[in-house]
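Peer 1: Right, I'll just put the structure down here and ask away after.
The values are calculated or read from the model by the stated rules, or taken from the named source; none is laboratory data. What you see is a predicted model; the values in this text were computed from it and never measured. Cβ coordinates were reconstructed from backbone atoms using ideal geometry, including for glycine residues, and neighbour counts include every protein chain displayed. Calculation scope for accessible area: heavy atoms of the full protein, side chains included, ligands and nucleic acids excluded. Shrake-Rupley method; radii C 1.70, N 1.55, O 1.52, S 1.80 Å.
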Amino acid sequence: MKSFHSLLLTASLGLFLMLSSSSLMAQFGTVRGFVYEEETGEPVIFTNVYFYKTSMGTPTDENGYFAITRIPPGDYILMVTYIGFDSLIIPLTIKADEMITEKLFLKAGAVNLGEVSISAARQDKQSETQTSIIKVTPKEIQKIPSMGGQPDLAQYLTVLPGVIFSGDQGGQLYIRGGPPVQNKVLYDGMIVYNPFHSIGLFSVFDVDILKNADVYTGGFNAEYGGRISSIMDISTRDGNKNRFGGKVDVSTFGAKALLEGPIARQKTENSASASFILSVKSSYLNESSKIFYSYLDQDLPYSYTDIYGKISVNAPNGSKVNLFGFNFSDMATLQGYNYDNSVLSEVPVSYNWDSYGGGGNFIVIPGKSAVLLEGNFAYSYYKVNMDEPGKQTRSSSIAGFNGGLQFTYFFGKNALKYGLELSGYKTVFDFYNTLNRNIDISQNSTEIDLFVKFKWQVGKFIIEPGLRAQYYASLSTFSPEPRLAVKYNVTPTFRLKAAGGYYTQNLISTTNDLDVVNLFYGFLTGPENLPKKFNGKNVKNKLQQAWHAIFGFEWDLTNNLSVNIEGYYKYYPQLTNLNRNKLFEDNEANSDQPDYLKKDFIIETGDAEGVDISLKYDIRNFHFWGTYSLGFIHRFDGVSTYVPPFDRRHNVNLMGTYAFGKKKSWELNVRYNYGSGFPFTPTQGYYEELFFTNVGTPITVTNGSLGILYGDYNSHRLTYYSRLDFDFKKTFYFGKRMKLEIDASVTNLLNEKNVFYVDRITNTVVYQLPILPSLGLSFTF
């Protein structure tokens, strides 16, 4: 009952703030609406809409929506400027208590608005807190060297400050000390449980259908929850509302096809419309590598298929409904070893996962209200299997739904956002522990969340307090989570910023940190078999918890050069991990043994701290971006302090893009990455491991398997990682809409010997990708 009252109090607070703010709107007018591209009908995101020669204006959001409120009555000139499009100028007369709704269409033009774009970006920095958030667009992704002519979000993420990828093969994403299970990935509002393929160079997302991706590396506000490290919120664009079109890509790595067009054409600017977009991409690297990369001393046994479709229905006033579905799959066959009957032999290790789901989202523009209503509903499923000869099969699955409503109320430069979310999922984990005993765990979890966030601009300050009320129904646990973000505009070119908050989650990874190479990545809710005490204190709940504290500054050194520096600290008062020290079964016979020797899961604490530096330079046809990350990660499991296998001390990325020639049809992209070595656990020796499955097993004639004696956990480090990538593009234009692009790229141009792993049985060093040239063709129509 107490938890229910707390939820009710939070909801009442949000409603009170909304109603009280409405009284401030009296005697003022409002202009709201959407900005679209005239040719495709696609929303124009993050562009400024403002009244000429005034300080009144706002950027469009990811839906192209804008709302300018608290406008004194009078005559104004509304302007919209965006690079690559003609400026839009509309005279408006504002009356008291009047609300004007506009649908604005920008026409592609030849006027270079580079300086305007830079000014708009700077104004956005002065009006948004933007702490530990990186906004990514397809244009930026296409500036990095691509593999086989297919730019991918996975390749771009490795450039971001604070982001660590564990490798070219089997790579996983780690953000400021947070492993993948602590990073929530949203795709049009759906939760995607594994967004990266086993080869590590490609994600499940097609860049050609992306609209934008917001990557929160920490300190995210109350509209997000359920994870304790980071959020990646990705949205797709609508299909073309006016004509049919598409794109076909073929490369040495894989192929891709895109088709889009109208279902019901948009006949006038104020008419309804419907459109579709369908993307299919597949990798045949497991077969093509035998032809194009036969010189390699290692196989590239990777393949995948990703399908995504979306239908969009648009109302005359800008309200919209999207319906979508996806099916992603991945498969790899790796080389492993089996020790049986005193004979060591090579064996294939089969790994595969499948994921599918669907859902929808919508935007509603009420007729006479300044509130923007958004909602979503979705279902997604993920299952991973690993078959190793001589070992038992491992599998893990998660099936879940999520949905919610959120309301945004604009008044002046301030905004109030509040909403409700509901989610639930079922996890199944089937594996064999170190004692070769089967453990089959099936659990359910339900979460109900309320949140409220208020953006308040006062003087040079931007203050965004937030509160998330997270209720874990299956655990009967209520978690109030305060959040705060602040920015201070010291000068128009120098800004201080800070953010922080409290975060929880009820989802853990099935990963075993003793695995040298860990493709198997499954999920589990807060397990039952946890210690009742940790470090002398009672364990009050099963939730993983974190506190974030971030401080930094932005500095525009010139119109073309800017630097961003952030220091962060993440404290984890409670984490859950698989118990790598387990020796005994948790039963009555072993009641005298300590928990850390018999529990399947253990409680840990830890922290992550560091500094991220980003330097950007843009001028005409040249773009440079350099990042440096210094990070430290620590864990304490109740017995010892250790560093996890993804603790990389230094990480440097340098990226440059140069476009030249007529219509900038030639483009050169270069990227260099340097990273200090990851920690690993050394091997001290071997022994024959016997399992006595039956009473009276003859010891003298029984052959066991090869057991490994491990040294101190993660006490050594691999050699540094270094990779230079090169990409060269040429575009041929055929008329207004058709073009052919030829892309030649080289991964690991210097053929650096980056260690993938060392096989513990044979002591064979397996390296990451060697020098790998690729060629791709893409045709857009």
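Peer 1: Collect the residues in segment 250-272 that are assigned to a loop (DSSP other than H, G, I, E, B) and either in contact with a Phe, Trp or Tyr (Cβ under 6 Å, 6 or more places away or on another chain) or of a type outside the set (Ser, Thr, Tyr) (or both), keeping them in residue-number order. Reasoning before the result, please.
Peer 2: In the first step, residues of segment 250-272 are kept if they are assigned to a loop (DSSP other than H, G, I, E, B); the result is 252-253, 265-272.
Listed by number, the residues that qualify are Thr252, Phe253, Arg265, Gln266, Lys267, Glu269, Asn270, Ala272.
Peer 1: Among the numbered criteria (1) assigned to a strand (DSSP E or B); (2) touching a helix residue (DSSP H, G or I) at 6+ places or on another chain (Cβ under 9 Å), which single criterion is violated by Arg227?
Peer 2: Single failed check for Arg227: (1).
Peer 1: Continuing with the same structure: Are any residues in segment 60-104 surrounded by fewer than 19 Cβ atoms within 10 Å (Cβ to Cβ) and small (Gly, Ala, Ser), and if so, which ones?
Peer 2: Residues satisfying the conditions are Gly74, Gly84, Ser87, Ala96.
Peer 1: Would you mind telling me which numbered condition in (1) more than 30 Å from Val204 (Cβ to Cβ); (2) at pLDDT below 90; (3) buried (at least 17 other Cβ atoms within 10 Å of the Cβ) Glu388 fails?
Peer 2: With respect to (1) more than 30 Å from Val204 (Cβ to Cβ); (2) at pLDDT below 90; (3) buried (at least 17 other Cβ atoms within 10 Å of the Cβ), Glu388 is out only on (1).
Peer 1: If you check Phe362, Phe377, Phe401, which single one turns out to be open to solvent by 40 Å² or more (accessible area, probe 1.4 Å), hydrophobic (A, V, I, L, M, F, W, C), over 20 Å from the mean Cα position of the chain (by Cα) and modelled with pLDDT of 90 or more? Even if it seems obvious, please write down each step before you answer.
Peer 2: On the way: Phe377 fails: over 20 Å from the mean Cα position of the chain (by Cα); Phe401 fails: over 20 Å from the mean Cα position of the chain (by Cα).
Exactly one of Phe362, Phe377, Phe401 is open to solvent by 40 Å² or more (accessible area, probe 1.4 Å), hydrophobic (A, V, I, L, M, F, W, C), over 20 Å from the mean Cα position of the chain (by Cα) and modelled with pLDDT of 90 or more, namely Phe362.
Peer 1: Restricting attention to segment 664-690, report how many residues are closer than 23 Å to Pro161 by Cβ and either assigned to a strand (DSSP E or B) or hydroxyl-bearing (Ser, Thr, Tyr) (or both). Show your work before the answer.
Peer 2: At the first step, the residues of segment 664-690 found to be closer than 23 Å to Pro161 by Cβ are 669-679.
The next check asks that each one be either assigned to a strand (DSSP E or B) or hydroxyl-bearing (Ser, Thr, Tyr) (or both); those that pass are 669-676, 679.
The qualifying residues number 9.
Peer 1: Kindly indicate the residue of segment 640-663 that is assigned to a strand (DSSP E or B) and among the polar types (S, T, N, Q) and also surrounded by the fewest Cβ atoms within 10 Å (Cβ to Cβ) among those meeting that condition. Give the steps one after another, and end with the answer.
Peer 2: From segment 640-663, those assigned to a strand (DSSP E or B) are 641-642, 650-660; that's our starting set.
Going one step further and asking which of them are among the polar types (S, T, N, Q), we end up with 641, 651, 653, 657.
Numbers: Thr641: 10, Asn651: 23, Asn653: 21, Thr657: 21.
Across segment 640-663, the extreme among qualifying residues is Thr641.
Peer 1: Search segment 464-478 for residues being touching a Lys or Arg at 6+ places or on another chain (Cβ under 8 Å) and within 14 Å of Ala222 (Cα to Cα), and hand back the single one that is surrounded by the most Cβ atoms within 10 Å (Cβ to Cβ).
Peer 2: If we take residues in segment 464-478 being touching a Lys or Arg at 6+ places or on another chain (Cβ under 8 Å) and within 14 Å of Ala222 (Cα to Cα), then Arg468 is surrounded by the most Cβ atoms within 10 Å (Cβ to Cβ).
Peer 1: Only one of Ile619, Ile613, Ile565, Ile602 is among the β-branched types (Val, Ile, Thr) and buried (at least 20 other Cβ atoms within 10 Å of the Cβ); which?
Peer 2: Values: Ile619 fails: buried (at least 20 other Cβ atoms within 10 Å of the Cβ); Ile613 fails: buried (at least 20 other Cβ atoms within 10 Å of the Cβ); Ile565 fails: buried (at least 20 other Cβ atoms within 10 Å of the Cβ).
Selected residue: Ile602, the only one of Ile619, Ile613, Ile565, Ile602 that is among the β-branched types (Val, Ile, Thr) and buried (at least 20 other Cβ atoms within 10 Å of the Cβ).
Peer 1: Those residues that are buried (at least 17 other Cβ atoms within 10 Å of the Cβ), in a strand (DSSP E or B) and polar (S, T, N, Q), I need them from segment 273-304; list them, please.
Peer 2: Ser273, Ser275, Ser279, Ser283, Ser303
Peer 1: Has segment 579-589 got at least one residue that is in a strand (DSSP E or B) and surrounded by fewer than 16 Cβ atoms within 10 Å (Cβ to Cβ)?
Peer 2: No, every residue in segment 579-589 fails to be in a strand (DSSP E or B) and surrounded by fewer than 16 Cβ atoms within 10 Å (Cβ to Cβ).
Peer 1: Given the conditions (1) within 14 Å of the chain's Cα centre (by Cα); (2) part of a loop (DSSP other than H, G, I, E, B); (3) of a type in the set (Ser, Thr, Tyr); (4) modelled with pLDDT under 95, and given that Tyr174 satisfies all but one, which numbered condition is not satisfied?
Peer 2: Only one criterion in (1) within 14 Å of the chain's Cα centre (by Cα); (2) part of a loop (DSSP other than H, G, I, E, B); (3) of a type in the set (Ser, Thr, Tyr); (4) modelled with pLDDT under 95 is unmet by Tyr174, namely (2).
Peer 1: Tell me which residues, restricted to segment 418-446, are charged (D, E, K, R) and either closer than 30 Å to Tyr710 by Cα or at pLDDT 95 or above (or both).
Peer 2: The first filter runs over segment 418-446 and keeps only residues charged (D, E, K, R), leaving 421, 426, 430, 437, 440.
Scanning segment 418-446 gives Glu421, Asp430, Arg437, Asp440.
Peer 1: How many residues does segment 719-757 hold that are farther than 23 Å from Phe292 by Cα and surrounded by fewer than 17 Cβ atoms within 10 Å (Cβ to Cβ)?
Peer 2: Residues flagged as farther than 23 Å from Phe292 by Cα and surrounded by fewer than 17 Cβ atoms within 10 Å (Cβ to Cβ) within segment 719-757 amount to 10.
Peer 1: Trp555 fails exactly one of the following numbered conditions: (1) in contact with a Ser or Thr (Cβ under 8 Å, 6 or more places away or on another chain); (2) in a loop (DSSP other than H, G, I, E, B); (3) open to solvent by 50 Å² or more (accessible area, probe 1.4 Å). What is the number of that condition?
Peer 2: Exception for Trp555: condition (2).
Peer 1: If we scan segment 405-425, do we find a residue that is closer than 29 Å to Tyr308 by Cβ, among the β-branched types (Val, Ile, Thr), in contact (Cβ under 8 Å) with a residue 40 or more places away in the chain and assigned to a strand (DSSP E or B)? Walk me through it before giving the result.
Peer 2: If we filter segment 405-425 for residues that are closer than 29 Å to Tyr308 by Cβ, which is where we start, we get 405-408, 417, 419-425.
If we keep only those that are among the β-branched types (Val, Ile, Thr) too, we end up with 408.
With in contact (Cβ under 8 Å) with a residue 40 or more places away in the chain added as a condition, the list becomes none.
No, every residue in segment 405-425 fails to be closer than 29 Å to Tyr308 by Cβ, among the β-branched types (Val, Ile, Thr), in contact (Cβ under 8 Å) with a residue 40 or more places away in the chain and assigned to a strand (DSSP E or B).
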